[in-house]
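The structure appears below as structure tokens.
The values are calculated or read from the model by the stated rules, or taken from the named source; none is laboratory data. Keep in mind that this is a model prediction, so the values were computed, not measured. All Cβ positions, glycine included, derive from the backbone under ideal geometry; neighbour counts span all protein chains shown. Ligands, DNA and RNA are excluded from the accessible area calculation, which covers all protein heavy atoms including side chains. Shrake-Rupley method; radii C 1.70, N 1.55, O 1.52, S 1.80 Å.
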Amino acid sequence: MKFSTAVCIVFATALVAGANAGADSGVLDIGGLRITIESLEQPTCDSGITPSSAPEPADYSRTFSVANNGGYVIKLTCKYFNPSTSKIVEYRSGGVSLGFTAKYEFPQEALGIECETNIDMVGFPKIFGKHYDSAEAMQKECTGFKVWGTIFDYPWATTC
């Protein structure tokens, strides 16, 4: 039997709640409405995802992103060579404050990609920088990052 995704989630949640409470596993009691389940097979949703299955991780993209969790404002600067125009393209995010994310998506043909994250104040060194030979090479690595800390200590890590 197939259910809609919403019904599937409600049934799965009720089954788990009932099992955790020691209730009869074949009977659901949702807000006073008793539903008897003939088969305790896990229902299949229309989407093909069962309630207990997690989606597979997505392939890495050509988007470089830095989430700012630090007590300072950051600036993301990226540049690359675009062979279709024979020009170097540069992107500057401007100030990105606490709780926001700077993102830039590179075209498929981008070469010599350089990205640098700095504290957006004069005199502060860069937090970190990354280099990718091409957008294709970039897609083989995690390109999501986060920064945190204070202006005196500014660690960073990947989010993948």
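Would you grab the residues whose amide H sits under 5 Å from the one on ALA110? Only those 5+ places off in sequence or on another chain, please, with H modelled 1.01 Å from N.
ALA135
Rolling a 1.4 Å sphere over the protein heavy atoms, what is the accessible area per residue of the stretch 89-160, to the nearest Å²?
On the way: 4180 Å² over 72 residues.
For the stretch 89-160, the solvent-accessible area averages 58 Å² per residue.
List the GluC sites (Glu not before Pro) within the stretch 62-156 that DSSP assigns to loop and that have no more than 14 neighbouring Cβ atoms inside 10 Å.
Qualifying residues, ordered by number: GLU109, GLU141.
For ALA157, what is the net charge nearby, where nearby means another residue's Cβ is under 13 Å from its Cβ and Lys, Arg count +1, Asp, Glu -1? Working shown, then result.
Details: positive: LYS130, LYS146; negative: none.
After counting each charged neighbour, the total is +2.
So between CYS142 and ASN69, what do we pick up on full extension, going 0.36 nm a residue minus the alpha carbon distance?
24.4 nm
Under the 0.36 nm per residue contour assumption, what length would be gained going from the current alpha-carbon distance of ASN82 and GLU114 to full extension? Write out the running numbers ahead of the final one.
On the way: separation 32, 0.36 × 32 = 11.52 nm, distance 1.26 nm.
Residue separation times 0.36 nm, minus the Cα-Cα distance, leaves 10.3 nm.
What lysines does LYS126 reach when the alpha-carbon gap must be under 30 Å and sequence neighbours fewer than 8 apart in one chain are set aside?
Here the lysines satisfying the reach criterion relative to LYS126 are LYS75, LYS79, LYS87, LYS103, LYS140, LYS146.
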